[in-house]
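S.K.: Pasting in a structure now, in structure tokens, and then I'll have a few things to ask.
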Amino acid sequence: MAKKVGVLALQGAFIEHIRVLGELGAEAFPVRLPGELDGLDGLVIPGGESTTMSRLMLDYHLTDRLRGLARDGLPIMGTCAGMILLAKRVMDMDVEPLGIMDIDVRRNAFGRQVDSFEIDIEMPAFGETPFHAVFIRAPVIERVGDGVEVLARLPDGTAVAARGGDMICSSFHPELTCDPRFHAYFLGAI
Ligand code: GLN
């Protein structure tokens, strides 16, 4: 049976995730209300603006519900702003993260001059072919807890993708390239 994967659709790049997941055979659909979280096999929190998303999550009564589902083992993938929302700690007072993945992140970590860039990075978990990663005003991972594995680093060693238990995250936007390996990895894990 196709896996049911919700994509949080309050704001940001959710359509692209639904497209990739659908192409991989999942039943993917947008989620905006707490009731739409029932019976999911997995959830994606997309990129966008984490300050806006965390506010909307509170307004839509999704924050505590998501924390509960994460505690019960719902696999969640967070990309870019989605990764910020998964984090335990964010070096920024404007965001209230869910605190459901044991990582600390820094928002807008690349400053103004190189705030968006693309680079091929090694991702051993996906095989030998490097992954083309698109960074858009991206955060970075500054700390990973015990039990969290770094899946990708920039050439200078900065951690930009990780997996911990049922959570997987990236600083970059895997939904904006034609390479489905990131989503396939998530579907394989759920
Ligand atoms: N800069 C955004 C934030 O801090 C994230 C950007 C993105 O998701 N592409 O929320």
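The values are calculated or read from the model by the stated rules, or taken from the named source; none is laboratory data. Note that the structure is a prediction, hence the values are computed from the model and not measured. Positions of Cβ are generated from backbone atoms using ideal geometry, with glycine treated the same way; all protein chains shown enter the neighbour counts. Heads up: the accessible areas ignore ligands, DNA and RNA and are worked out on the full protein's heavy atoms, side chains in. Shrake-Rupley method; radii C 1.70, N 1.55, O 1.52, S 1.80 Å.
S.K.: I'm checking my understanding of the structure. Among residues of the stretch 38-55 that are farther than 18 Å from Cys80 by Cβ and out of contact with any strand residue (DSSP E or B) (no Cβ under 6 Å at 6 or more places or on another chain), which one is least open to solvent (accessible area, probe 1.4 Å)?
M.R.: So the residue we want is Gly39.
S.K.: Looking only at the stretch 96-111, which residues are away from the ligand (no atom under 12 Å from the Cβ) and either in a strand (DSSP E or B) or out of contact with any helix residue (DSSP H, G or I) (no Cβ under 6 Å at 6 or more places or on another chain) (or both)?
M.R.: Within the stretch 96-111, Gly99, Met101, Asp102, Ile103, Asp104 qualify.
S.K.: Filter the stretch 61-80 down to residues that are assigned to a loop (DSSP other than H, G, I, E, B) and without any contact (Cβ under 8 Å) to a residue 60 or more places away in the chain and give me whichever is farthest from the ligand (Cβ to nearest atom).
M.R.: So the residue we want is Asp72.
S.K.: Same structure, new question: Against the condition within 16 Å of the ligand (Cβ to nearest atom) and charged (D, E, K, R), how does Arg55 come out, does it pass? Show your work before the answer.
M.R.: Numbers: within 16 Å of the ligand (Cβ to nearest atom): yes; charged (D, E, K, R): yes.
In short, yes.
S.K.: So, in the stretch 1-27, exactly how many residues are in contact with a strand residue (DSSP E or B) (Cβ under 9 Å, 6 or more places away or on another chain), surrounded by fewer than 18 Cβ atoms within 10 Å (Cβ to Cβ) and not in a loop (DSSP other than H, G, I, E, B)?
M.R.: 5
S.K.: Between a first residue in the stretch 164-186 that is touching a residue at least 60 places away in the same chain (Cβ under 8 Å) and under 16 Å from Ile103 (Cα atoms) and a second residue that is open to solvent by 10 Å² or more (accessible area, probe 1.4 Å) and among the hydroxyl-bearing types (Ser, Thr, Tyr), which pairs have beta carbons less than 8 Å apart while being 6 or more apart in sequence or on different chains?
M.R.: Hits for this filter: Ile168/Tyr185.
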